[in-house]
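Engineer: Sharing a structure here in structure tokens format.
The values are calculated or read from the model by the stated rules, or taken from the named source; none is laboratory data. Everything numeric here is computed off the predicted structure, so don't read it as measured data. Here the Cβ is made from the backbone with ideal geometry for all residues, glycine too, and neighbour counts use every protein chain on show. Note: areas computed on protein heavy atoms with side chains; ligands, DNA, RNA excluded. Shrake-Rupley method; radii C 1.70, N 1.55, O 1.52, S 1.80 Å.
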Amino acid sequence: MKSNVSTAATAPIATNGDTILSVQDLRTHFYTRDGVVRAVDGVTFDLARGETLCIVGESGCGKSVTALSILGLIPPKIGEIVSGSIRFDGTELTTESEREMRSIRGNRISMIFQEPMTSLNPVLTVGEQISESLRIHQRLDRRAAWDRAIEMLALVRIADPKRRAGEYPHQLSGGMRQRVMIAMALACNPQVLVADEPTTALDVTIQAQILNLMLELKDRLGTAIVLITHDLGVVAETAQRVIVMYAGRMVEEAPVRELLNNPKHPYTRGLIGSIPRRKSGGARGRTRGRLQEISGLVPSLREPIPGCAFAPRCSFATPRCITEQPPFEAHGPRHFAACWEVARIEATSSDQLVSSPT
Amino acid sequence: MSSAEVVLRVKDLKKHFPVHRGVLSRVVAHVQAVDGVSFEIRRGETLCLVGESGCGKSTVARSITRLEEPTAGTIELNGVDITALNSEALRAQRREMQMVFQDPYSSLNPRLSAGDIVGEPLTNFDLAQGAELEQRIAKLFEHVGLRPEAVNKYPHEFSGGQRQRLGIARALAVNPSLIIADEPVSALDVSVQAQVLNLLIDLQEEFNLAYLFVSHDLAVVEHIGHRVAVMYLGRIVELADNADLFGTPLHPYTEALLAAAPVLEVDGPRERIILQGDVPSPMNPPSGCRFHTRCPYVLPECKRTDPPLLEVAPGHHVACLRRPVGDSGAPLSIA
Amino acid sequence: MASTTAGAAAATTPSSSKGALKWARRNKTIVGGSLILLTLVVIAILAPWLAGDPLQFEPTNRLKRPSETFWFGTDQFGRDVYSRVIYGTRISLIIGLCVAVLATAIGLVVGVLCGFYKTVDTILMRVMDGMMAIPAILLAIALITLMKASLLIVIVAITIPEIPRVARLVRSVVLSVRGRPYIEAAISSGTRNGRIMVRHILPNTVAPLIVQATYVCASAILTEAGLSFLGAGTPPEIPSWGNIISLGRTFFQISPWIIFFPGLCLAITVLAINLVGDGLRDTLDPRISRRM
């Protein structure tokens, strides 16, 4: 079975008039015994209809919290959205009641989680679970919802959907469960699909199936996707636009090829450089190159960071980087970065930083 | 490389897990987690075992260390068959073979200090005591890039990458000739993963260590491996030098794995093979070639004949009926 | 426990007395329960100074109400109930402590053996199941009919059915810890079995064992009272709360004080022990302490 993944990189990106989701200066804090954790600290982006936006970063960078904030799933009392706005199709979500959010969640915005087994109810058949959301949101009757559930299972290419609809989650393989999750998420034709590490728990061959399926369905149904991942390989093959997050902040945003070929922020450069690359052909034996390391540790989000959060680990850092937070500004067409030293970094050859030495 | 001495020789290793069912818990079937795996590793060499979850790669690692008792086969460590050893003799052999685990959180005892954790193997083999022990621990910390002051800290005070460094220091403590690393970087973030991979490579060069490196990540494997064995459903389907395996994969499964792994450089459309379906259950593996249910090039013969792992080019072994010795495409005629 | 409590203590009790106060405020149940228990221990130790002779018959003062001379009144033989209750504290605490220590120690050994060796497990755990099926009271009655009633027999009789509970607990902890990667890491770095047990496995059993021991202690005190009440417990010449209540029950309607005061002491003691146990369980719970 062959297919190509050219669509992702070449499809036209919608203009501003077509924005479906707009996040402005989102800040989400968590309250712990040891103080306030600034999990998301000023995130701003627009998502166009039918666009695929990837949010990439390492664990603890705030990418998943951003997703939970959009869906209004921040557990009350433990955390809250302290400022910012999330506008979805003209509606402000941050001030919406829980009741309103429930009618939007799973209906017009859906989510796919990393671990399909824990997000599926083990005592209901998958058919029941898909039809349940259809009955709640679309007010379909039992019969129609069940038929639509089978239709959805067929859409996500589950073989023999009639039989599978009557099975329980534990009877399915990991890949099939994730397909069921996608079927559930897409059942109500959402305008936005938020996928939080949807393929991280899956094997590569299954991951390829699932990513392919998601992109194909996106093209067919016109759903905009926010894909959250730590894997730049996944980003490269699925995204149109990428946001890189670090310590709760956005450090860079650009169209995917621009970001991978011409990263401006030192963190993005470090991240790309630290990935072992598949080489085409090459010398005998292993290529003894050293991977680029990002020295040091991720800062604690409990203390406010006055300057650039990456400064303590950055080889380009100047005193200003420690004290003054760099603005998130354009450094090229549709290419934004939050860094004081972009000019100096651009002078350093990207090759020198990124490609592994031979 | 080929002239170096063999550190580990595994011959026809099998590990079958019985499946119990019913009130009397009778054995109704066996999960053939590992079903006839053979390879050798030489001093200073890294052999990578790569495959998807459930292919048996971790079971191979655990059987070699006898954390699982192998069902059949021999495991020779520096010429000694350790499958036949009693527990005390095995314990003595463990000095030559240390392990690094996947999860840097659960593989360190939370109640022991970092120094105690790293020093434990030294105490086990009575290699050092008192001030000498402390000195050697400090030296190990230095080797893996941890500050010597950290000896008194507890595991929860370290980050994931630092914990994995502790795990590596523990493995290094008794100067083993072989380190078995079971997914040592898959729980780590990429930037930390890079640090740990660099450290492993540096240590290998410094101490001339042999690594058995188990991973599901092809990019990591290509980076660190000298030779690579691809496993599918308990068998090795392809075993070759790094460059040969990644440059000219001969088994359709290897080909599909390479195609499935996402890469950064996708300029323009990329032809990719997407395998259909899921991995069959190892309890009831398919007849003939185990890959035939998902193979895009399947032949009628594949359903009946179990292909042996044959050397088709120098150092390049493959188990596929379509890759007979000396040929590159035509099906092998079965006499 | 050494490290969990050390960790908890380090986090919650800095050297200053302010820290100690803070810790005490957060763990009211432990502090309250311990204070009551401490008082009881002091009373038990100082019994000869606090009370008169508990065995002294004064036929003239039979069934007297509580008064200035007889704080808790007197029983049908004219013995001072106050003195008897004070001395009874000794018996209850001794039995509670001895049973807790014995049951925990034996249960620990059995549990560790069962958790570590499969063959031992199948045999010993069946024995444990059998022991659990014997009610403490029947066993005690049987033992006492066979032998002369004594404190030792009572302790043994109460301990035996408690052992399996402790053993099961220890075994489950050992089994769950045994599968942890750090145990495998210890095995593959050549650690001997004995050392794995002492250094890596046993420390995990300490916290649940302490909690379990408090429950065993409380239940032993209650069982002893029950046995004495039935006449199968502590010999009558040793005053215990159980046999005071037992003797008093015939006169319950005319002189309720004979059973009221020992009953109250019994309830307070068991409550205090359980308070400490619950408090310890909450602070030692690995799920909570590990989250820090």
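Engineer: Would you count, across chain A, every pair of lysines whose alpha carbons are under 29 angstrom apart, provided the pair is eight or more residues apart or spans two chains? Walk me through the numbers on the way to the answer.
Structural biologist: Numbers: A:2/A:162; A:2/A:218; A:2/A:279; A:63/A:77; A:63/A:218; A:63/A:264; A:162/A:218; A:264/A:279.
For chain A, qualifying lysine pairs total 8.
Engineer: Over the residues of the range B:117-244, compute the C-alpha Rg and express it relative to 2.2 N^0.38 Å.
Structural biologist: Values: Rg = 16.0 Å, N = 128, 2.2 N^0.38 = 13.9 Å.
Normalised by 2.2 N^0.38 Å, the Cα Rg of the range B:117-244 equals 1.15.
Engineer: Within a 10 angstrom radius of each residue's Cβ in A:36-46, how many Cβ atoms of other chains show up on average? Whole number is fine.
Structural biologist: 0
Engineer: Over chain A, with a single point scatterer placed on each C-alpha, what log10 of the ratio I(q)/I(0) does the Debye formula yield at q = 0.11, 0.15 1/Å?
Structural biologist: Here log10 of I(q) over I(0) equals -0.79, -1.35.
Engineer: In degrees between 0 and 90, to the nearest 10, how far off the longest principal axis of chain A does helix A:142-155 point, with axes built from Cα atoms?
Structural biologist: Approximately 50 degrees, to the nearest ten.
Engineer: Mind checking which helices in chain C clear 20 Å along their axis (Cα) and have mean Kyte-Doolittle hydropathy of 1.0 or more, DSSP H runs only? Please list the in-between numbers first.
Structural biologist: Details: long enough: C:28-45 (25 Å, 2.26); C:81-116 (51 Å, 1.87); C:118-133 (23 Å, 0.56); C:151-178 (39 Å, 1.56); C:202-230 (40 Å, 1.23); C:257-284 (40 Å, 1.46).
Helix filter hits for chain C: C:28-45, C:81-116, C:151-178, C:202-230, C:257-284.
Engineer: Looking at the range B:48-161, I'd like the Rg to Rh ratio, where Rg is from alpha-carbon atoms and Rh is Kirkwood's inverse mean 1/r. All intermediate terms of the calculation are to be shown ahead of the outcome.
Structural biologist: Working: Rg = 16.6 Å, Rh = 16.3 Å.
Result: Rg/Rh = 1.02.
Engineer: Right, here's the next one. If the viscosity is 1.567 mPa s and the temperature 4 °C, what Stokes-Einstein diffusion coefficient in µm²/s follows for the range A:176-277 when Rh is the Kirkwood radius over Cα pairs?
Structural biologist: Numbers: Rh = 14.7 Å.
The estimated diffusion coefficient comes to 88 µm²/s.
Engineer: Now a separate question. Add -39500 (n - 2.57) for each DSSP H run of 4 or more in chain B, then divide by its residues: what number comes out at 222 nm, to the nearest 500 deg cm²/dmol?
Structural biologist: Values: 9 runs with 93 residues, N = 335.
Taken over chain B, the calculation gives -8000 deg cm²/dmol.
Engineer: Among B:169, B:29, B:72, which one shows the highest mean-square fluctuation when chain B is modelled as a Gaussian network with alpha-carbon springs under 10 Å?
Structural biologist: Highest fluctuation among the options: B:29.
Engineer: Can you spot the lysines whose alpha carbon is less than 21 Å from residue B:153's alpha carbon? Ignore those fewer than 8 places along the same chain.
Structural biologist: The reachable lysines, counting only those whose Cα sits under 21 Å from residue B:153, are B:139.
Engineer: How tilted is helix A:204-221 with respect to the longest principal axis of chain A? Cα atoms for both, answer in degrees (0 to 90, nearest 10).
Structural biologist: Here the helix axis deviates by roughly 70 degrees.
Engineer: In Å, what is the Rg of the alpha-carbon atoms in the range C:75-172, and how long is Dmax?
Structural biologist: Calculated on Cα positions, Rg and Dmax stand at 17.0, 59 Å.
Engineer: Okay, next question. Excluding ligands, DNA and RNA, what is the solvent-accessible area per residue of chain A at a probe of 1.4 Å, expressed in Å²?
Structural biologist: Details: 15210 Å² over 358 residues.
Per residue, chain A has an accessible area of 42 Å².
Engineer: How much net charge surrounds residue A:96 when only other residues with a Cβ under 13 Å from its Cβ are counted (Lys, Arg +1; Asp, Glu -1)? If you can, show how the numbers build up before the last one.
Structural biologist: Details: positive: A:87, A:99, A:102, A:105, A:108; negative: A:89, A:92, A:98, A:100.
That sum, taken over residues with Cβ under 13 Å, equals +1.
Engineer: Estimate the FRET efficiency between residue C:282 and residue C:175 by the formula 1/(1 + (r/R0)^6), using the beta-carbon distance for r and 30 Å for R0, to the nearest 0.05. If you can, show how the numbers build up before the last one.
Structural biologist: On the way: r = 24 Å, r/R0 = 0.80.
Once rounded, the FRET efficiency stands at 0.80.
Engineer: Right, here's the next one. Counting pairs of alpha carbon atoms under 8 Å apart in space and at least six apart in sequence, what relative contact order in percent does the range C:133-286 give?
Structural biologist: That works out to 25 percent.
Engineer: When the Cα centres of the range B:201-246 and the range B:19-42 are compared, how far apart do they sit, in Å?
Structural biologist: 25
Engineer: Skipping prolines and chain starts, which residues have an amide H placed within reach, meaning under 5 Å, of the one on residue A:55, given they are 5 or more residues away or on another chain?
Structural biologist: A:227, A:228, A:229, A:243
Engineer: If I take the Cα coordinates of the range B:116-186 and project them onto the principal axes, what are the three extents in Å, biggest first?
Structural biologist: Extents along the principal axes, in whole Å: 35, 28, 17.
Engineer: For the range B:227-307, which chymotrypsin sites (Phe, Trp or Tyr not before Pro) are in a loop by DSSP, counting at most 15 other Cβ atoms within 10 Å? Walk me through the numbers on the way to the answer.
Structural biologist: Working: sites: B:232, B:246, B:253, B:291, B:297; in loops: B:291, B:297.
Counting only loop positions with at most 15 other Cβ atoms within 10 Å, the chymotrypsin sites (Phe, Trp or Tyr not before Pro) in the range B:227-307 are B:297.
Engineer: While we're on this one: Around residue B:145, under 12 Å between beta carbons, what's the net of Lys plus Arg minus Asp minus Glu among the other residues?
Structural biologist: Numbers: positive: B:147, B:165; negative: A:293, B:142, B:202.
Local net charge: -1.
Engineer: Looking at the P(r) of the protein assembly as shown, how many percent of alpha-carbon pairs lie beyond 55 Å? Before the final figure, lay out each step's value.
Structural biologist: Values: 136578 of 484620 pairs.
Beyond 55 Å sits 28 percent of the P(r) for the protein assembly as shown.
Engineer: Moving to a separate point now. Given chain C reduced to its alpha-carbon atoms as identical point scatterers, what log10 I(q)/I(0) does the Debye formula return at q = 0.09, 0.16, 0.17 Å⁻¹?
Structural biologist: Here the Debye-derived log intensity ratios amount to -0.55, -1.21, -1.29.
Engineer: With bins 20 Å wide starting at 0, give me the P(r) of chain B over every alpha carbon pair, in whole percents.
Structural biologist: So the P(r) values, bin by bin, are 29, 55, 16, 0.
Engineer: Further, regarding this structure: Given the protein chains as shown and a 1.4 Å probe, how many square angstrom of residue C:23 are accessible, to the nearest 10?
Structural biologist: Near enough 80 Å² of accessible area.
Engineer: Please give the calculated 222 nm ellipticity per residue for chain A, where each DSSP H segment of at least 4 residues contributes -39500 (n - 2.57) and the sum is spread over every residue; nearest 500 deg cm²/dmol? Intermediate values should be presented prior to the final figure.
Structural biologist: Values: 15 runs with 123 residues, N = 358.
Using -39500 (n - 2.57) per qualifying helix, the result is -9500 deg cm²/dmol.
Engineer: Please list the non-local residues whose amide H lies under 5 Å from the amide H of residue B:36, H modeled 1.01 Å from N, same-chain partners needing a gap of 5 or more.
Structural biologist: When sequence neighbours closer than 5 places are left aside, the close amide H contacts are B:13, B:14, B:15.
Engineer: Give me log10 I(q)/I(0) at q = 0.14, 0.18 Å⁻¹ for the range C:189-292, Debye formula, one equal scatterer per alpha-carbon, no solvent.
Structural biologist: After summing over all Cα pairs, the log10 values are -0.69, -0.87.
Engineer: Rounded to the nearest whole Å³, what is the per residue volume of the convex hull around the Cα atoms of the range A:66-150?
Structural biologist: Working: hull volume 10.6 nm³, N = 85.
Spelled out: Cα convex hull of the range A:66-150, divided by residues, is 125 Å³.
Engineer: Also, I was wondering about something else. Helix B:114-124 against the longest principal axis of chain B: what's the angle in degrees, Cα atoms only, rounded to the nearest 10?
Structural biologist: 80
Engineer: D for the range B:1-87, whole µm²/s, Stokes-Einstein with Kirkwood Rh over alpha-carbon pairs at 25 °C and 0.890 mPa s: what number? Intermediate values should be presented prior to the final figure.
Structural biologist: Numbers: Rh = 14.2 Å.
The Stokes-Einstein estimate is 173 µm²/s.
Engineer: Go through the range B:199-214 residue by residue and turn each phi into a ³J(HN,Hα) via Karplus (6.51, -1.76, 1.60, θ = phi - 60°); whole Hz please, and just put x for glycine and proline.
Structural biologist: Going residue by residue, I get 4, 4, 5, 4, 5, 4, 5, 5, 10, 6, 7, 9, 10, 9, 10, 9 Hz, with x marking Gly and Pro.
Engineer: A follow-up question, please. Once neighbouring chains are kept in place and the probe is 1.4 Å, which whole percent of the accessible area of the range A:174-271 is contributed by carbon and sulfur?
Structural biologist: Details: 810 of 1820 Å².
Ligands and nucleic acids excluded, carbon and sulfur reach 44 percent.
Engineer: Which lysines, if any, have their Cα less than 23 Å from the Cα of residue B:15, not counting same-chain residues under 8 positions apart?
Structural biologist: Excluding near neighbours in sequence, the set is B:57, C:118.
Engineer: Over all Cα pairs of the range C:215-261, how is the pair count split among 10 Å bins, expressed in % and running from 0 up to the last occupied bin?
Structural biologist: Calculated over all Cα pairs of the range C:215-261, the distribution is 31, 48, 19, 1 percent.
Engineer: Separate question: Which net charge results for the neighbourhood of residue B:121, defined as the other residues with beta-carbon distances under 10 angstrom from its beta-carbon, given Lys and Arg at +1 and Asp and Glu at -1?
Structural biologist: +2
Engineer: Give me the one-decimal Kirkwood hydrodynamic radius in Å for the range B:180-297, with the sum taken over alpha-carbon pairs.
Structural biologist: On the way: mean 1/r = 0.0622 Å⁻¹.
It works out to 16.1 Å.
Engineer: Still on this structure: Given a 10 angstrom Cα cut-off, can you work out which residue in B:118, B:192, B:60 is the most mobile in a GNM of chain B?
Structural biologist: Fluctuation is largest for B:192.
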